[in-house]
Amino acid sequence: AIVVNAQNPTAFGPVIKRAKEAGAILVAFDNILDTTDAINVNVDQKGLGELWGNWLVKHIPNGGKILEVRGLPGNSVDRDRHLGIRSVLEAEGGPKYEIIEVVGNWDDGTAQKVAADAVAVHKKFDGVTVQGGSTGAVRALMDAEPLPH
């Protein structure tokens, strides 16, 4: 068996093909592969995004401006969490949210910079959702003058 943590689910096409031809069992954990030719071991990432989106709706029921700090581009976990968040916040008939999306790469320093840039441009957010790099995003909000909502 081959165990992988696939940072980019689409880049693994040749690996999946070679593993299948060799009769090896391919096991992806944490970051899934978009194929039926591997065993994926993971939590429901889209469900996590939906959970985060529902928390925002519960606490900001009249809509508002949301900062979404995404993870690593091209990654299945980032994609699925994002889809979950958006499925809730953009649900038909629900409150209207303006979503400002930045890429934090699941890294505190990067998340801090992109969150600080978003605050500098947009001034105020009613809510924030961060996939990773939360410490950096929170630091950016704490450092903002005046402190955004």
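The values are calculated or read from the model by the stated rules, or taken from the named source; none is laboratory data. This is a predicted model, so every value here is computed, not measured. In this analysis, Cβ positions are derived from the backbone assuming ideal geometry, glycine residues included, and neighbour counts consider all displayed protein chains. Areas reflect the complete protein model, heavy atoms only, side chains present, ligands, DNA and RNA absent. Shrake-Rupley method; radii C 1.70, N 1.55, O 1.52, S 1.80 Å.
Overview of results
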{"read-out": "Surface accessible to a 1.4 Å probe, per residue, for the residues of the chain, Å²", "value": "55"}
{"read-out": "Where a label projected 7 Å from the Cα of D143 along Cα→Cβ would reach, residues of the range 63-84 with amide N under 20 Å", "value": "67-71"}
{"read-out": "Chain lengthening between T10 and K96 when straightened (0.36 nm per residue, less Cα-Cα)", "value": "27.7 nm"}
{"read-out": "Extension reserve of the L48-D107 stretch, reckoned as 0.36 nm per residue once the Cα distance is removed", "value": "19.3 nm"}
{"read-out": "The chain - percent of accessible surface contributed by carbon and sulfur, probe 1.4 Å", "value": "57"}
{"read-out": "Cut-off under 5 Å, modelled amide H: who pairs with I2 long-range", "value": "I25, L26, V27"}
{"read-out": "DSSP H segments from the chain that extend 15 Å or more along their own axis, Cα-based, with Kyte-Doolittle mean of -0.5 or above", "value": "76-89, 108-122"}
{"read-out": "Pairwise label distance in nanometres, I2 with S87, each label 7 Å out on the Cα-Cβ vector", "value": "3.0"}
{"read-out": "The chain, helix-only ellipticity at 222 nm - DSSP H runs n ≥ 4, -39,500 (n - 2.57), divided by all residues, nearest 500", "value": "-13500 deg cm²/dmol"}
{"read-out": "Mean-position separation - Cα centroids, the range 92-131 and the range 1-71, in angstrom", "value": "21"}
